[in-house]
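All remarks here apply to the structure that follows.
The values are calculated or read from the model by the stated rules, or taken from the named source; none is laboratory data. Bear in mind that the values here come from a model prediction, so they are computed numbers and not experimental data. Here Cβ is always computed from backbone atoms with ideal geometry, including for glycine, and neighbour counts include all displayed protein chains. Only protein heavy atoms, including side chains, enter the accessible area calculation; ligands, DNA and RNA are left aside. Shrake-Rupley method; radii C 1.70, N 1.55, O 1.52, S 1.80 Å.
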Amino acid sequence: MGDMTNSAVDFYPKNQRGESNHAGEFGCSLDELRSLMELRGAEGVQKMQDTYGDVNGFCRRLKTSPTEGLAGNPADLENRKQIFGRNFIPPKKPKTFLQLVWEALQDVTLIILELAAIISLGLSFYQPPGERSEMCGSAAGGVEGEGEAEAGWIEGAAILLSVFCVVFVTAFNDWSKEKQFRGLQSRIEQEQKFSVVRGGQVIQIPVSEIVTGDIAQIKYGDLLPADGVLIQGNDLKIDESSLTGESDHVRKSADKDPMLLSGTHVMEGSGKMVVTAVGVNSQTGIIFTLLGAGGEEEEKKDKKGWPEGAPNSQNKAKKQDGAAAMEMQPLKSAEGGDGDDKEKKKAGSSKKEKSVLQGKLTKLAVQIGKAGLVMSAITVIILVLYFAIDTFVIQKLQWLPECTPVYIQFFVKFFIIGVTVLVVAVPEGLPLAVTISLAYSVKKMMKDNNLVRHLDACETMGNATAICSDKTGTLTTNRMTVVQAYVGEVHHKEVPDPDAIPSKTLDMLVNAISLNSAYTSKILPPEKDIGLPRQVGNKTECGLLGLVLDLKRDYQTVRDQTPEEKLYKVYTFNSERKSMSTVIKMQDGSFRMYSKGASEIVLKKCSNILNTAGEPRGFRPRDRDEMVKKVIEPMACNGLRTICIAFRDFPGSPEPDWDNENIILIDLTCIAVVGIEDPVRPEVPDAIKKCQQAGITVRMVTGDNINTARAIAIKCGIISPGEDFICLEGKDFNRRIRNEKGEIEQERIDKIWPKLRVLARSSPTDKHTLVKGIIDSLHGERRQVVAVTGDGTNDGPALKKADVGFAMGIAGTDVAKEASDIILTDDNFSSIVKAVMWGRNVYDSISKFLQFQLTVNIVAVIVAFTGACITQDSPLKAVQMLWVNLIMDTFASLALATEPPTESLLMRKPYGRNKPLISRTMMKNILGHGIYQLTVIFTLLFAGETIFNIDSGRNAPLHAPPSEHYTIIFNTFVLMQLFNEINARKIHGEKNVFDGIFRNPIFCSIVFGTFAIQIVIIQFGGKPFSCIPLQIDQWLWCMVLGVGELLWGQIISSIPTNRLKFLKEAGHGTQKDDIPEEELNEDAEEIDHAERELRRGQILWFRGLNRIQTQIEVVNTFKSGTSFQGALRRQSSVTSQNQDIRVVKAFRSSLYEGLEKPESKSSIHNFMTHPEFRIDDSQPHIPLIDDTDIEEDAALKQNSSPPSSPNKNNNAIDSGINLTTDTSKSATSSSPGSPLHSLETSL
């Protein structure tokens, strides 16, 4: 090694000369560093030795020091940024405003309208030769004045203008949403800080400030922000799956594999690295640059008509993986498409997982759109037929060439009317309302300390029925203080005086605490003079360091004597060990190991204890049991965490095998047991009470001792005395949910979780199992929606599995944040309650908007349709319809979607997944107001001229001037909508619709603004809006009819809903969570009979094939007489019916006994030849726990999704139906779990 270093030194000046041209003053160039980082393992070590000698030589080249770091003077940092780049990956360029306008123009209905308007414009300028005399029929209208003929173009122009308005508003909304989202993005990026050593001091800097040559400290849970070479590491394991796809954790050490890559996660241990590549030059950056280029090509492909979900989602997934949260999924994917994706949605091409609400809305929008299309088509057909019959049959006119333009103008007018009906019918405001509501909520939730990473999480939270929360830091303040100690065989009820402890024991205790803790954990003086000292790093360790200070000693002096580099070996804390140990080399060459950890775990490994004189004495199991009873349990029952501190001495030679933990971590000598208090946050009991009122069950999942956990749970109000609940430890929980073979059974989980309130001493896998068990459970009338909080790296799986994952913003590791949907910036449980409130509010806002919009839709469509059929002309003109469409879509969604939440939202139970969007109360309101509005408008239409004593506007000629009659109808219609918007603020049948109206300034300003514009349109709109100024008394009548809406609303709300049996709910969610919405309800209608028969044939064929294969498999197995694991290898662990389980057990036993009992074979064959299926429709689909099965199931569904055919029996493959067999006749069943099932699935 020595000559290696020398050669490197000789080599150094030459090398620098060679490189001075492109690396400036540094001893290695950007390209060299990049190529170095592409090497792994031994290659990397070799290259380091060949080129740089060792890590110190490498640091010298980069002009940095492994211990002191960079000096940190600004000029040097700037220079490094210039040469090696900044630690910043430029995000994809946002869409420009014009691109968004272009996208908004893609809406099919708008395109149709534009075309119609352009044709209408062209025709109005075309003057046919010759006289427009009687030849063209009376339908051509009376004599047009010169002015009117000139003004024919106005309607076309006005339609174009209003289309432009709609497009502009949509684009503006998208643009501001995108901007907000980027703001959120940069906020998340700025929040990420990292520890580096500069000028000998450890400081936290934003990730973007890291430069090449920095010495970064890495620890458990970090997401590495740059590439680097490890200088020194303790027990370091990295998850590189985001870059390499390798799921196993990779051990890193300075001498074997020192290469650390950006975007990878530290799963265990700690260490220091020198940063070698940042930003676009790091491994993640390189992938991103490739992705960026790829992304644009993808987009081009996308435009050519890829299905929406295909290439892009993969691209995003890749990004997600590699992205050190550099760019969350762009908004489109996060919320399942907005307005301009609607057409794509209709095609049902988006296979992306939609949120509950999005699913319901898409389905509803498609249904309404279809109805609108039918209505508009009928309208056009009726108008054309009526005109043709009237002109050519009744008046017996010939179609003359010179009349063609006149007739075409009529047809264009009819077509425009039809399209306007469609425009009003299609609720393009729905996606907009969701977007606005979510974007508004997300912005406001930031103020409530909820940083939302995935938009739909905010709405899912409103449906939450269970919250599994951590204890430390979420329910408690995470300020640890030692309040009791058991030292020298004395139990001190408060922190003892230093003199009360034997001096040997005291020294040992101080050393054990100071050295055996992460050196990043410190206690700093308070920021203000009066505050508490600041705890930095691991809070439990800070509590112990606080004990050292309370004992009038200083931990820093101990650490200075043994700096971190001198620690011989560190076993870092992880959830399996539940302890941390540090080995140091003593002066005489022997070794001493200090250990600390959960008291009952460490005490089991102790064989000695320090007595009153500070000398070790024997510590037998009997002593241990007594200590647990007399010391640990009383501490735990006061809600204290108990930590045991111990040590062990090893001889210097022979050196122990440090990697064999089983022989190292035994035979310890106990120094002390301390009780650490972590007080409950003052606001938590109240927040938990609110959750319980809101129908949400809070469960505590913690790694702590069960007594501590129970004590804290009582303080929080999670459990109250006299309730029927259970508290379990992780190992009991596992014992209860697993069968004899150690497989988890859903049925066993179902027996436990409804009453489980506290799960103590749990591992992350237990947490994941519990969450998965609750989510997959069919216990109770609806599927549970589970929120989970987590802060540790190992909580990642549970956070991902949960419907909503909350990560802690302060204590949380980067890995947890990456897996989460919402980040709690203050780590506080009461912020979760705020999230529930906002989530429910989103749901209600959308329902309010729906109630309002559907009323308008129904009325406008019926008026346009009947008006057109009876009077050959829609009472509401195209431009007026577009204005109504604008107020009711864009403005109303703004007004109703921005209602602030109230506490009353927490007074009701959660809605659940299958609750329809439109409840029966809302349906009552929609129909009731629809009846009122239609009555008013038809009265005005057919009797308005006599009531107001004005000329009738019916049967007007083609370009006739606007009439007072139709203006009054239009005005009344709009005013009724305005007042109905106030009614729509309440959807649960409340009487007071004005309640809290002034807390929402947006709502007030929109209502008044719309009213002001309406006045302008009526009084000054003139020809383009087909309006004529009204007198004051006519205005008053319109107002009276509008205000009538409010009075009528009171009448409707006093009719009890349960009396109206005929009301149906609408907008249900999917019944089975996993079947795409489109398949579920359209299959039945759209697949014709022949296709059904065909599908049936396919299914029967599949079944026959399955049976033969299963028979062969079973027969072969019997012949070979080997173990039956093969046949049962896919045994799934979930069966949710007793009978199924009985059957499967019977099947198993028959298989195992089959070797001795030949007749059991025949029972299997009997089953194959004539099964008796019983369809259990009441029983929903049994979810599988084996993920492979799920994937195959999904694949199966995509390939052959059989309709729910009338003969349900043929639908064996359709997983929506459970086939169970008659137990008496058969020895097995096609339950998920039998070989038959796995064959069916694999097919």
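Could you give me the ³J(HN,Hα) list for region 692-697, computed from phi with Karplus coefficients 6.51, -1.76, 1.60 and θ = phi - 60°, whole Hz, x at Gly and Pro?
3J(HN,Hα) across region 692-697, in whole Hz: 5, 5, 7, x, 10, 8.
Taking every alpha carbon pair in region 714-761, what does the distance histogram look like in 10 angstrom bins from 0, in percent?
Spelled out bin by bin, region 714-761 gives 25, 49, 21, 5 percent.
Among 893-901, 440-448, how do they line up by average Cβ neighbours within 10 Å per residue, starting with the highest?
Peptide ranking by packing, descending: 893-901, 440-448.
Summing +1 for each Lys or Arg and -1 for each Asp or Glu, what net charge is found among the other residues whose Cβ lies under 11 Å from the Cβ of Ile286?
After counting each charged neighbour, the total is -1.
Add +1 for every Lys or Arg and -1 for every Asp or Glu among the other residues with Cβ under 10 Å from the Cβ of Asp257, and state the total.
+2
How far is the Cα center of region 29-57 from the Cα center of region 748-817, in Å?
Centre-to-centre distance over Cα atoms comes out at 43 Å.
Rounded to the nearest 0.05, what FRET efficiency do Asp550 and Asn660 give with R0 = 41 Å and r taken as the Cβ-Cβ distance? Could you check?
On the way: r = 37 Å, r/R0 = 0.91.
Approximately 0.65, to the nearest 0.05.
In whole Hz, with x marking every Gly and Pro, tabulate ³J(HN,Hα) for region 200-205 from phi via Karplus 6.51 cos²θ - 1.76 cosθ + 1.60, θ = phi - 60°.
Per-residue couplings from phi come out as x, 10, 7, 10, 9, 10 Hz.
Which log10 I(q)/I(0) values, to two decimals, does region 427-521 give at q = 0.13, 0.20, 0.25 Å⁻¹ under the Debye formula with one point per Cα?
Each listed q maps to, in turn, -0.71, -1.10, -1.31.
With each pseudo-label sitting 7 Å past Cα toward Cβ, what's the Asn992-Ser241 distance in nm, one decimal?
The two pseudo-label positions are separated by 5.4 nm.
Region 478-529: Rg/Rh from Cα coordinates, Kirkwood Rh?
Reported Rg/Rh (Cα atoms, Kirkwood Rh): 1.02.
Once Rh for region 496-624 is found with the Kirkwood sum over Cα pairs, what is the Stokes-Einstein diffusion coefficient at 4 °C and 1.567 mPa s, in µm²/s?
Rounded, D is 80 µm²/s.
Check Asn234: other-chain or 5+ apart residues with amide H under 5 Å from its amide H, H built from backbone geometry?
Those lying under 5 Å, H to H, from Asn234 are Ser270, Gly271.
Go ahead and run the numbers for FRET between Gln82 and Lys47, Cβ-Cβ distance against an R0 of 35 Å, rounding to 0.05.
Numbers: r = 26 Å, r/R0 = 0.74.
E(calc), rounded to 0.05, equals 0.85.
How would you order 200-213, 162-175 from highest to lowest mean count of nearby Cβ atoms within 10 Å?
Highest to lowest by the protection proxy: 162-175, 200-213.
Once you sort the root eigenvalues of the Cα gyration tensor of region 662-781 as a ≥ b ≥ c, which label holds: rounded (a/c under 1.5), prolate (a/b larger than b/c) or oblate (the other case)? Show your work: numbers first, answer last.
Values: a/c = 2.57, a/b = 1.12, b/c = 2.29.
Because a/c hits 1.5 or more and a/b fails to exceed b/c, region 662-781 counts as oblate.
At what distance in nm do the modelled label points of Lys193 and Glu615 sit from each other, each positioned 7 Å from its Cα along Cα→Cβ?
For Lys193 paired with Glu615, the spin-label model returns 5.1 nm.
Given 0.36 nm per residue, what is the gain on full extension from Glu489 to Lys731 after removing their alpha carbon distance, in nm?
Working: separation 242, 0.36 × 242 = 87.12 nm, distance 3.05 nm.
Going from the current span to full extension adds 84.1 nm.
Highest first, please rank the peptides 856-862, 745-751, 1042-1048, 75-81 by the mean number of other Cβ atoms sitting within 10 Å of their residues.
856-862, 745-751, 1042-1048, 75-81
Please work out the average accessible area per residue across region 396-468, using the 1.4 Å probe convention, and give it in Å². Each step should come with its number before you reach the end.
Working: 1930 Å² over 73 residues.
The answer is 26 Å² per residue.
Full-extension gain between Cys869 and Ile111, please, as 0.36 nm times their residue separation minus the C-alpha to C-alpha distance.
On the way: separation 758, 0.36 × 758 = 272.88 nm, distance 2.51 nm.
Difference between extended and current length: 270.4 nm.
For region 858-999, report the translational diffusion coefficient in µm²/s to the nearest whole number, using Stokes-Einstein at 10 °C, 1.306 mPa s, and a Kirkwood Rh over Cα pairs.
The Stokes-Einstein estimate is 91 µm²/s.
Hey, what's the Cα Rg ratio for region 446-487 versus the globular rule of thumb, 2.2 N^0.38 Å?
Its radius of gyration relative to the 2.2 N^0.38 Å reference: 1.84.
Using the Karplus curve 6.51 cos²θ - 1.76 cosθ + 1.60 with θ = phi - 60°, work out ³J(HN,Hα) for each residue of region 267-284 in order, rounded to whole Hz, and write x for Gly and Pro.
9, 7, x, 8, x, 10, 9, 9, 6, 10, 8, 10, x, 6, 8, 6, 4, 5
Between His779 and Leu524, how high is the FRET efficiency from 1/(1 + (r/R0)^6) when r is the Cβ-Cβ distance and R₀ = 30 Å? Nearest 0.05.
0.05
May I ask for the net charge around Arg920, where only other residues with Cβ less than 9 Å from the Cβ of Arg920 are counted and Lys, Arg are +1 while Asp, Glu are -1?
+1
If you scale each eigenvalue of the Cα gyration tensor by 5 and take the root, what three semi-axes come out for region 824-886, rounded to whole angstrom and sorted largest first?
45, 11, 4
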